[in-house]
Amino acid sequence: MKTESRLEKVLAAGHLAVTAECGPPRGAQPEKVRQNARHLIGVCDAVNVTDNQTAMVRMSSLAASVIIKQEGLDPLFQVTSRDRNRLAMQADIIGAYSLGINTMLCLSGDHTKFGDHPMAMNVHDIDSMQMIQMVCDMRDKGIFQGGAEMKVPPKMFVGAAANPFADPFELRVMRLAKKIAAGADFVQTQCIFNVEKFEKWMEGVREMGLHKKCYILAGVTPCKSLGAAKYMANRVPGMDVPKEIVDRMASVPKEKQAEEGVTICVETIERLKKVEGVAGFHIMAIEWEEKVPEICERAGLLPRPQV
Amino acid sequence: MITAERKPLEELIQYIKPFKRILLLGCNECVTVCAAGGRKEVGLLASGLQMAMLKAGSNIEIRQHTLERQCDPEYVEELVPMIDGADAIMSMACGCGVQQLAMRFKDKPVFPAVNTKFMGASEKQGVWAERCQGCGNCLLGATGGICPIARCAKQLMNGPCGGSTSGKCEISEDVECAWQLIWDRLKALNLTDRYLDIMPAKDWRPAGGSGPRKIIREDLAE
Amino acid sequence: MENFEPVIVAFCCHYCAYTAADMAGSQRLPYPTNVKIIRIPCSGKIDALHLVKAFEKGADGVYVAGCLEGDCHFKNGNTKAARRVAYVKQYLEEIGIEGERLEMVNMSAGMGDRFAQTATEMTEKIRKLGPSPIRAAMAV
């Protein structure tokens, strides 16, 4: 084991891992974090805590991760390169580890244009690839990004994001290879609705043997409504929601749409279980955390293993 | 070239209001190419300002002159005979020119007439786009000649991000994804293997990270 | 201003608008003497500076008359002129002059009646608008 991360233990033992997501609130509301987190107890191996998601200011992922840890869960601390330079990043990562956080995700982050501070600078002192390298060098070589030695390195289980649905498709497998070469221990993909396309990507992934070098967690999201499905299909860059899914949501009356969304999610997980190289699932049910236990139950992912 | 765009007339009127005699200076280089501050634009602005001030009941004298460049002291020196005849200078050059004037004519108020924007190239007549951010350590040789710092909204050196859609950046359909362009170039040059090389974290010191920059050529400087 | 007589400057392209003006003349079609015609080889020759200077020198109204769309003798001079007129209209508003004092019109060489009609309409429009604020200020 490289770290004390529960996620690493579950994956190393060969179980299908489950991670879920929790978005921090837009205010100093620690109780809200606790409420959302409680739904996820016993249901997942790590909880992603987003970092100013969609470039909207929220409680910091570091603070929310600590609160989640206090609730007895395992936070997966997300860090974007958009909001801080490498000094602040390293400081936050060391701080996080010092507070018991041992799993993290390195991301670029949505452009500020999408959020509530379009006037802010997009920092990107380093990008997500370089961040992965930086954290792995801290962990494995005990050095800061600038080269100096550090006293007690943070032992982070390092993850990255992968998006098989963004363009250009032809380099999405190479991009995963790059992240793995940079040191990524695991990746979580963008949520999958187009299983065929994901399977095509996985073919390329297996061809390069990447599934053996890195744990791939397939992302899924339950659609709350037809509106939510349409929004994801049309307004979110890098998401692929096939027409059949939107039509299926539309074919059901409004009161039944949430249920249908959950069913589609469960079915998707079942299909993905059969794809060689999938090491687990990342269930993104933001503001709908209470559905995660049901999804996991119906998809046969409970109880979570003892490791 | 360095591109610029004229400031709103309202703002410029506020600058010149307190004065009686203005020297309006154009520049024959970059701002001429992007139609922001050349001889013609000086004519247009002088006319517009004159009319606006006349309408407001104020009689202001605007003298027009265009220098070859405002960023070289030799050209700025040409203004010496004209300077006493002006209470204030308004420059249509980029920020470099405006500052050169302010440094030379220490007791004359100097105002910018344009907003300096970016270093760019013409895409076609009337359209100029950002191409370079002066990072001080050009990596165009590695990226097939497309700059990820100036042309990627997140200045990713190992892009694209997950928001690249049909060759466009997630921020707008009007912005091309720089990494799509880089990938296309690598393909055309049979260099796709290069994509797997990880570009390490950039040293931002040459980009201004260690303060305002200067180049000194000892063979040329006295 | 008492007995305000608008001063209108009409930049007319040689191939269409100016010929139409000639046609109006030979057909004895009346049009106001307020309109001063300036012949240019093509409406595309007109520069923003010409238009702005006309107002600076006291014109109450200005129009650029070019060929009908698709018929420009120089291919697309008239579309360029139209873009420049639109640009200057905005600039005039910034200066504090009503944008409608400047217009782009199109006509063919044979449209003597259209020339006369345009001249008349423009004069009346400007008469109602009153003297240009610049002309008014110059008079003070």
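The values are calculated or read from the model by the stated rules, or taken from the named source; none is laboratory data. Because the structure is a prediction, the values reported are computed rather than measured. When we count neighbours, we look across all protein chains shown, and the Cβ atoms used for this are built from the backbone with ideal geometry, even at glycine.
One residue is enough: does segment B:174-189 have a residue meeting the conditions assigned to a loop (DSSP other than H, G, I, E, B) and either crowded, with 18+ Cβ neighbours inside 10 Å or of a type in the set (Asp, Glu) (or both)?
Quick first cut of segment B:174-189, residues assigned to a loop (DSSP other than H, G, I, E, B) only: B:177, B:189.
Now drop any that are not either crowded, with 18+ Cβ neighbours inside 10 Å or of a type in the set (Asp, Glu) (or both), which leaves B:177.
Checking segment B:174-189: at least one residue is assigned to a loop (DSSP other than H, G, I, E, B) and either crowded, with 18+ Cβ neighbours inside 10 Å or of a type in the set (Asp, Glu) (or both).
Return only the number of the condition from (1) surrounded by 21 or more Cβ atoms within 10 Å (Cβ to Cβ); (2) in a helix (DSSP H, G or I) that A:VAL241 does not satisfy.
That leaves (2) as the condition not met.
Given segment A:71-183, what helices (runs of 4 or more DSSP H) lie entirely inside it while holding 2 or more residues that are polar (S, T, N, Q), farther than 19 Å from A:MET56 by Cβ and within 11 Å of chain B (Cβ to nearest Cβ)? Lay out the reasoning, then the answer.
On the way: elements: A:86-98, A:128-141, A:172-182.
In segment A:71-183, the matching helices (runs of 4 or more DSSP H) lie at A:128-141.
So B:PHE105 fits all but one of (1) crowded, with 17+ Cβ neighbours inside 10 Å; (2) within 14 Å of chain C (Cβ to nearest Cβ); (3) more than 22 Å from the chain's Cα centre (by Cα); what number is the exception?
(2)
So, A:ALA28, is that one part of a strand (DSSP E or B) and either surrounded by fewer than 24 Cβ atoms within 10 Å (Cβ to Cβ) or under 12 Å from the mean Cα position of the chain (by Cα) (or both) or not?
In short, no.
Can you name the residue in segment B:181-203 that is among the basic types (Lys, Arg) and closer than 17 Å to A:MET129 by Cβ and, of all such residues, is farthest from the other protein chains (Cβ to nearest Cβ)?
Out of the qualifying residues, it is B:ARG194.
Considering (1) within 14 Å of chain B (Cβ to nearest Cβ); (2) part of a helix (DSSP H, G or I), say which one A:ALA229 fails and leave the rest.
(1)
Residues that are within 14 Å of chain C (Cβ to nearest Cβ) and free of Cβ contacts under 8 Å to residues at least 60 places away in the same chain: which strands (runs of 3 or more DSSP E) entirely in segment B:1-81 hold 1 or more of them?
Because the criterion is at least 1 residues that are within 14 Å of chain C (Cβ to nearest Cβ) and free of Cβ contacts under 8 Å to residues at least 60 places away in the same chain, the strands (runs of 3 or more DSSP E) in segment B:1-81 that meet it are B:61-67.
Which numbered condition trips up B:ALA113, out of (1) more than 30 Å from B:ILE13 (Cβ to Cβ); (2) in contact with a Ser or Thr (Cβ under 7 Å, 6 or more places away or on another chain); (3) touching a residue at least 40 places away in the same chain (Cβ under 8 Å)?
(1)
Out of A:ARG248, A:ARG271, which single residue is touching a residue at least 60 places away in the same chain (Cβ under 8 Å), among the charged types (D, E, K, R) and surrounded by fewer than 19 Cβ atoms within 10 Å (Cβ to Cβ)?
A:ARG271
State which residue is surrounded by the fewest Cβ atoms within 10 Å (Cβ to Cβ) when the search covers only segment C:61-119 and only residues that are among the basic types (Lys, Arg) and within 15 Å of the chain's Cα centre (by Cα). Don't jump to the end; show me each part of the working.
Of the residues in segment C:61-119, the ones among the basic types (Lys, Arg) are C:75, C:80, C:83-84, C:89, C:101, C:114.
Then drop every residue that is not within 15 Å of the chain's Cα centre (by Cα), which leaves C:83-84, C:89, C:101, C:114.
Details: C:ARG83: 13, C:ARG84: 20, C:LYS89: 18, C:ARG101: 23, C:ARG114: 20.
Step by step, filter segment C:61-119, then rank; the result is C:ARG83.
Over 25 Å from the mean Cα position of the chain (by Cα), over 21 Å from A:ILE126 (Cα atoms), in a helix (DSSP H, G or I) and not basic (Lys, Arg), is that true of B:ASP219? Quick ask: steps written out before the conclusion?
Numbers: over 25 Å from the mean Cα position of the chain (by Cα): yes; over 21 Å from A:ILE126 (Cα atoms): yes; in a helix (DSSP H, G or I): no; not basic (Lys, Arg): yes.
Judged against the criteria, B:ASP219 is not a match.
In segment A:32-49, which residues are at negative phi, surrounded by fewer than 22 Cβ atoms within 10 Å (Cβ to Cβ) and assigned to a loop (DSSP other than H, G, I, E, B)?
Answer for segment A:32-49, where residues must be at negative phi, surrounded by fewer than 22 Cβ atoms within 10 Å (Cβ to Cβ) and assigned to a loop (DSSP other than H, G, I, E, B): A:HIS39, A:ILE41.
Assuming B:MET199 fulfils every condition listed in (1) at pLDDT 95 or above; (2) exposed (fewer than 13 other Cβ atoms within 10 Å of the Cβ); (3) of a type in the set (A, V, I, L, M, F, W, C) apart from one, which condition is it?
(2)
How about segment A:54-70: which of its residues are closer than 20 Å to A:VAL158 by Cβ and assigned to a helix (DSSP H, G or I)?
Within segment A:54-70, A:SER61, A:LEU62, A:ALA64, A:SER65, A:VAL66, A:ILE68, A:LYS69 meet the criteria.
So which of B:ILE60, B:ILE22, B:ILE2, B:ILE13 ends up being crowded, with 17+ Cβ neighbours inside 10 Å, in contact with a Ser or Thr (Cβ under 9 Å, 6 or more places away or on another chain) and of a type in the set (Val, Ile, Thr)?
Values: B:ILE60 fails: in contact with a Ser or Thr (Cβ under 9 Å, 6 or more places away or on another chain); B:ILE22 fails: in contact with a Ser or Thr (Cβ under 9 Å, 6 or more places away or on another chain); B:ILE13 fails: in contact with a Ser or Thr (Cβ under 9 Å, 6 or more places away or on another chain).
Criteria check complete, one pass: B:ILE2.
Pick from segment B:204-222 the residues that are under 19 Å from A:LEU87 (Cβ atoms) and surrounded by 12 or more Cβ atoms within 10 Å (Cβ to Cβ): which of them is nearest to the other protein chains (Cβ to nearest Cβ)?
First, pick out the residues of segment B:204-222 that are under 19 Å from A:LEU87 (Cβ atoms): B:204-211.
Retained after the next criterion (residues that are surrounded by 12 or more Cβ atoms within 10 Å (Cβ to Cβ)): B:204-209.
Numbers: B:TRP204: 7, B:ARG205: 12, B:PRO206: 14, B:ALA207: 11, B:GLY208: 13, B:GLY209: 9 Å.
Out of the qualifying residues, it is B:TRP204.
Of the conditions (1) away from chain A (no Cβ under 14 Å); (2) part of a loop (DSSP other than H, G, I, E, B), B:LEU156 clears all except one; give me its number.
(1)
Restricting attention to segment A:274-306, and to residues there that are surrounded by 13 or more Cβ atoms within 10 Å (Cβ to Cβ) and of a type in the set (Asp, Glu), which single residue is nearest to A:CYS191 (Cα to Cα)?
Only one residue fits best here, namely A:GLU289.
Of all helices (runs of 4 or more DSSP H) completely enclosed by segment C:46-140, which ones contain at least 1 residues that are within 14 Å of another protein chain (Cβ to nearest Cβ), out of contact with any helix residue (DSSP H, G or I) (no Cβ under 8 Å at 6 or more places or on another chain) and under 30 Å from B:LYS7 (Cα atoms)?
The helices (runs of 4 or more DSSP H) meeting that bar are C:48-56, C:77-95, C:133-139.
Conditions: (1) closer than 22 Å to A:ILE93 by Cβ; (2) part of a helix (DSSP H, G or I); (3) not hydroxyl-bearing (Ser, Thr, Tyr). A:MET1 meets all but one. Number of the miss?
With (1) closer than 22 Å to A:ILE93 by Cβ; (2) part of a helix (DSSP H, G or I); (3) not hydroxyl-bearing (Ser, Thr, Tyr) applied to A:MET1, the lone miss is (2).
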